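Presented below is the structure to which this report refers.
The values are calculated or read from the model by the stated rules, or taken from the named source; none is laboratory data. Given the structure is predicted, the values throughout are model-derived calculations rather than measurements. Here Cβ is always computed from backbone atoms with ideal geometry, including for glycine, and neighbour counts include all displayed protein chains. When the accessible area is computed, the model is the full protein with side chains, heavy atoms only, and any ligands, DNA or RNA have been set aside. Shrake-Rupley method; radii C 1.70, N 1.55, O 1.52, S 1.80 Å.
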Amino acid sequence: MKNKKVYTLVSGAVIAALYAALTYAASSVGLAYGAVQFRFSEALTVLAALTPAAIPGLTIGCFLGNLGSPYGMIDIICGTLATFVAAFLSYKTRNVKVKGISVLAPLFPVISNALIVGAEITAFLPEGFTFYGYLIQALWVGLGELVVCYVAGIPLLIAVEKTQLKKYIK
């Protein structure tokens, strides 16, 4: 490929734009922020197992998507950090495959968001941060992530791996 740097930059930018747009779409139906969230955009986190361009793409997309968060700056920072950690770990473990599929790719967004975003939301509880409150919030966030990342993310990953789409995101 002639302009690999440009291609990588554009791939990351497209992923960022898709993530932000899907986050705002989820927000429009009340599913993007809070303890129970089903961000459609989180399905895209599996793309980090296919291309390093997804790491900055997902991170920037999350940052842009979290600009609309009712939790403000803490969600912009913590949510973006959770997405970066998840994308980085998904990329690093991309070669752990079962039947050709990177099986750990959807797991890291579940864990990262449950731990980090769960703590963030717990800080906003009326009783303040408690261990019990944290467990509940982490479980709810993790459950939402689990559903999106496995129900939508795995089919996305399979579709990209098994079709000609893969050549467009390398």
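Based on this model, can you work out whether F84 counts as assigned to a helix (DSSP H, G or I) and within 14 Å of the chain's Cα centre (by Cα)? So that I can check it myself, show each step before the final result.
Working: assigned to a helix (DSSP H, G or I): yes; within 14 Å of the chain's Cα centre (by Cα): yes.
Spelling it out, F84 is indeed assigned to a helix (DSSP H, G or I) and within 14 Å of the chain's Cα centre (by Cα).
When you look at A54, is it among the aliphatic types (A, V, I, L, M), surrounded by 18 or more Cβ atoms within 10 Å (Cβ to Cβ) and closer than 24 Å to K97 by Cβ, yes or no?
yes
Step by step: first the residues of segment 1-38, then only those that are open to solvent by less than 60 Å² (accessible area, probe 1.4 Å) and assigned to a loop (DSSP other than H, G, I, E, B), then the one that is farthest from A114 (Cα to Cα). Which residue is that?
Here the answer is G30.
Checking K99 against (1) over 11 Å from the mean Cα position of the chain (by Cα); (2) surrounded by 21 or more Cβ atoms within 10 Å (Cβ to Cβ), which single condition isn't satisfied?
(2)
Does any residue of segment 159-169 turn out to be out of contact with any Asp or Glu (no Cβ under 9 Å at 6 or more places or on another chain), farther than 23 Å from F84 by Cβ, modelled with pLDDT of 95 or more and open to solvent by less than 80 Å² (accessible area, probe 1.4 Å)?
Scanning segment 159-169 turns up no residue that is out of contact with any Asp or Glu (no Cβ under 9 Å at 6 or more places or on another chain), farther than 23 Å from F84 by Cβ, modelled with pLDDT of 95 or more and open to solvent by less than 80 Å² (accessible area, probe 1.4 Å).
Restricting to segment 59-84, name every residue that is closer than 16 Å to R39 by Cβ and aliphatic (A, V, I, L, M).
I60, L64, L67, I76, L81, A82
Collect the residues in segment 119-135 that are open to solvent by 10 Å² or more (accessible area, probe 1.4 Å) and either without any contact (Cβ under 8 Å) to a residue 24 or more places away in the chain or outside any helix (DSSP H, G or I) (or both), keeping them in residue-number order.
Matches in segment 119-135: A123, F124, L125, P126, E127, G128, F129, T130, F131, Y132, Y134, L135.
Can you say whether T45 is assigned to a helix (DSSP H, G or I), polar (S, T, N, Q), closer than 10 Å to Y19 by Cα and open to solvent by less than 20 Å² (accessible area, probe 1.4 Å), as far as the supplied structure shows?
Numbers: assigned to a helix (DSSP H, G or I): yes; polar (S, T, N, Q): yes; closer than 10 Å to Y19 by Cα: yes; open to solvent by less than 20 Å² (accessible area, probe 1.4 Å): yes.
For T45, the condition - assigned to a helix (DSSP H, G or I), polar (S, T, N, Q), closer than 10 Å to Y19 by Cα and open to solvent by less than 20 Å² (accessible area, probe 1.4 Å) - is met.
For segment 59-66, check the following and say yes or no: at least one residue is surrounded by fewer than 20 Cβ atoms within 10 Å (Cβ to Cβ) and modelled with pLDDT under 95.
No, the conditions are met nowhere in segment 59-66.
Exactly one condition in (1) surrounded by 17 or more Cβ atoms within 10 Å (Cβ to Cβ); (2) out of contact with any Cys (no Cβ under 9 Å at 6 or more places or on another chain) is not met by Y71; state its number.
Failing condition for Y71: (2).
Test each condition in (1) over 28 Å from K5 (Cβ atoms); (2) at pLDDT below 95 for R94 and report the one that comes out false.
(1)
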